Amino acid sequence: MTLPAGTSIRHLGHAGFVVEHAGLRILIDPWFHPAFLGAWFPYPDNRELLPETVAGRYDYLYISHTHEDHFDERLLAQLSRETTVLVPRFRTGEPGRRLAALGFGEQVRLGHREQYRLGPDCTATMLLDTSHKEDSGLLLDLGGHRFLDLNDCNTPMSELPGDIDLLAAQYSGAMWYPNAYDYPPRAMAAKTAAVRADLLDTLVRKVRLTGARAYLPSAGPACFLDPELARFNDRERTIFPHWEDVAERFAEACPTTEVIRTAPGDRIDAPAPPGRWHSDPEGYLADYRERRRTEWEAYHREPVEPVTAAEVEAHFERLQRLNRPLLADYRAGLRLEAEGTAWGLALGRLAEHVELEDEPVDPSYVIRVPARALRAVLDGRTGWEEALLSMRLSLHRDPDVFDLTLLSLLRYGHRPAQTRQLVRERTRTETIERDGLRLQRYCPHAGEDLSHAVIADGLVECPRHHWKWDAATGACLAGGALPLLVEPAEPPKDAHPPRPEGRTTS
Ligand code: FES
């Protein structure tokens, strides 16, 4: 890859970059310290870059979102507060608020597609996930070289910019489904294979839609150094493959796209040959585990105050109070198990109160959570989203159907601006016409623009997480339980009147 004179892009590992152009320096998503209850570590190890990253002078800092593998608070606390921060303008006010609390007073808050001039021939354009999820990507125009850093952000496909020289985006999973569920081996293998295929399909679409001439695998996978979590380093049986595990299929799908494989510290125009992390990943990981022993052991050393039923009840009552519009008439059973203690939670109608029952309710979801992790959630030191990402929790569901309401309550309930947006998304009525169908424009799961849906064989498939619906009835056949509004675009004269509006069933 050739860059304009005076431009360099250096990969710090994971989703981190230092971009230099015409004397400007931009630091992007630097991540060095363990994330998510001490579970995630950067892979390959990038710690040797920490001193120079901290000592560096930057004109701009960009933090894409608040996940701890992007918002590394320990690192941020060491950076100069003189740096101007490019901040995605999310509904919740994060991450601007947290950056301000750290002392970053100079902030440029940018909404979706807003552009900011960084220098005479250098602009930054913010791209948001416009759904209730809060994530962002950044398009940097560096004297005509267009670098699109999408990290793990899912900007709607219809909103992606084109004519991209370099795309940095996720190819590996960063989610607890399915590997944190207790599926039997055969079901787990099938679900894992499906998610891996979907991840690659989504990446290929992004490459094609952006016209990316070069692609840099970024934003994962992390590694798990705590021996308790070692099984998630299995690159074949999890949704966390290495690039080499998917490279061939990518090359088949995007044969003209140059792939730039980097290790931490590499400049993208001169990446070094892969090191031991590539030739001997197991040995490399074993040594890495020893180097960071005190860090992953810290999670286990933390004293744990026993959790009481009153605390659990108060926690869920608060979540429900904050999220009445989301819950509406929702009613479901959740069983929470924490090392020998179990609580049956009847999440209540109209979110008036949570019924904490002595005897287990009939739960559709069971969450097994280490007492330490539950204590951290109840104390507000971490959220359910982060606890789930840690892979320290184990889940069971029966029926095996994704419950968007429950998971949204857990993941976003403490920031109800997100769940209110989810409710708005459920009532959106905009439609599009495709392949003889009139269907709702935005995916009922997470708002992807279905202008790019795959419609074939009687199915409508969302291009983001690949939920599938019956094109005739709108019934959800794979992924979740939310129906899609769909009908013939021009119903024949003798057709029955349109069916009533579908409603959320989860
Ligand atoms: S946005 Fe997730 S399946 Fe459509």
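Residue count for the stretch 383-399 under the criterion of being open to solvent by 20 Å² or more (accessible area, probe 1.4 Å) and modelled with pLDDT of 95 or more: the result is 5. Among the residues of the stretch 471-484, the ones that are open to solvent by 40 Å² or more (accessible area, probe 1.4 Å) and within 14 Å of the ligand (Cβ to nearest atom) come to 2 in all.
Residue 175 passes every criterion in (1) open to solvent by 40 Å² or more (accessible area, probe 1.4 Å); (2) touching an Asp or Glu at 6+ places or on another chain (Cβ under 7 Å); (3) under 28 Å from residue 76 (Cβ atoms) apart from (2).
Hey, any hits in the stretch 425-443 for a residue that's closer than 21 Å to residue 371 by Cα, buried (at least 20 other Cβ atoms within 10 Å of the Cβ) and in contact with a Leu (Cβ under 8 Å, 6 or more places away or on another chain)? No, the stretch 425-443 contains no residue that is closer than 21 Å to residue 371 by Cα, buried (at least 20 other Cβ atoms within 10 Å of the Cβ) and in contact with a Leu (Cβ under 8 Å, 6 or more places away or on another chain).
Sort through 103, 96 and tell me the only one that's on the phi > 0 side of the Ramachandran plot, without any contact (Cβ under 8 Å) to a residue 24 or more places away in the chain and in contact with a Lys or Arg (Cβ under 7 Å, 6 or more places away or on another chain).
Result of the check over 103, 96: 103.
When residue 220 is tested against the conditions (1) at pLDDT 95 or above; (2) under 30 Å from residue 37 (Cα atoms); (3) open to solvent by less than 20 Å² (accessible area, probe 1.4 Å), the lone failure is (1).
Taking strands (runs of 3 or more DSSP E) as the structural unit, those lying wholly within the stretch 39-155 and holding at least 3 residues that are of a type outside the set (Val, Ile, Thr) correspond to 60-62, 107-110, 115-119, 122-128, 136-142, 145-151.
Number of residues in the stretch 449-458 that are open to solvent by 40 Å² or more (accessible area, probe 1.4 Å), within 13 Å of the ligand (Cβ to nearest atom) and not in a helix (DSSP H, G or I): the value is 1. Scanning the stretch 178-211 for residues that are open to solvent by 10 Å² or more (accessible area, probe 1.4 Å) and small (Gly, Ala, Ser) yields 187, 189, 190, 193, 194, 197, 211.
Consider the stretch 460-470. How many of its residues are within 13 Å of the ligand (Cβ to nearest atom), touching a strand residue (DSSP E or B) at 6+ places or on another chain (Cβ under 7 Å) and open to solvent by 10 Å² or more (accessible area, probe 1.4 Å)?
Looking only at the stretch 460-470, we keep the residues that are within 13 Å of the ligand (Cβ to nearest atom), and these are 460-469.
Then drop every residue that is not touching a strand residue (DSSP E or B) at 6+ places or on another chain (Cβ under 7 Å), which leaves 460-461, 463, 467-469.
Checking which are open to solvent by 10 Å² or more (accessible area, probe 1.4 Å) leaves us with 461, 467-468.
Within the stretch 460-470, residues that are within 13 Å of the ligand (Cβ to nearest atom), touching a strand residue (DSSP E or B) at 6+ places or on another chain (Cβ under 7 Å) and open to solvent by 10 Å² or more (accessible area, probe 1.4 Å) number 3.
Residues of the stretch 182-202 being assigned to a helix (DSSP H, G or I) and touching a helix residue (DSSP H, G or I) at 6+ places or on another chain (Cβ under 7 Å), which ones? Result: 200, single match. Of everything in the stretch 229-244 that is part of a helix (DSSP H, G or I) and loosely packed, with under 15 Cβ neighbours inside 10 Å, the residue that is modelled with the lowest pLDDT is 244. (1) within 16 Å of the ligand (Cβ to nearest atom); (2) buried (at least 23 other Cβ atoms within 10 Å of the Cβ): which one isn't true of residue 142, the others all being true? Residue 142 satisfies every listed condition except (1). Checking 136, 172, 158 one by one, the residue that is of a type in the set (S, T, N, Q), more than 16 Å from the ligand (Cβ to nearest atom), farther than 29 Å from residue 365 by Cβ and touching a residue at least 24 places away in the same chain (Cβ under 8 Å) is 136 and no other. Scanning the stretch 287-341 for residues that are farther than 18 Å from residue 367 by Cα, hydroxyl-bearing (Ser, Thr, Tyr) and at pLDDT below 95 returns a single hit, 330.
The values are calculated or read from the model by the stated rules, or taken from the named source; none is laboratory data. None of the values given here were measured: they were computed from a predicted structure. Cβ atoms come from the backbone with ideal geometry, glycine included; neighbour counts cover every protein chain shown. What goes into the accessible areas is simple: the full protein's heavy atoms, side chains included, and nothing from ligands, DNA or RNA. Shrake-Rupley method; radii C 1.70, N 1.55, O 1.52, S 1.80 Å.
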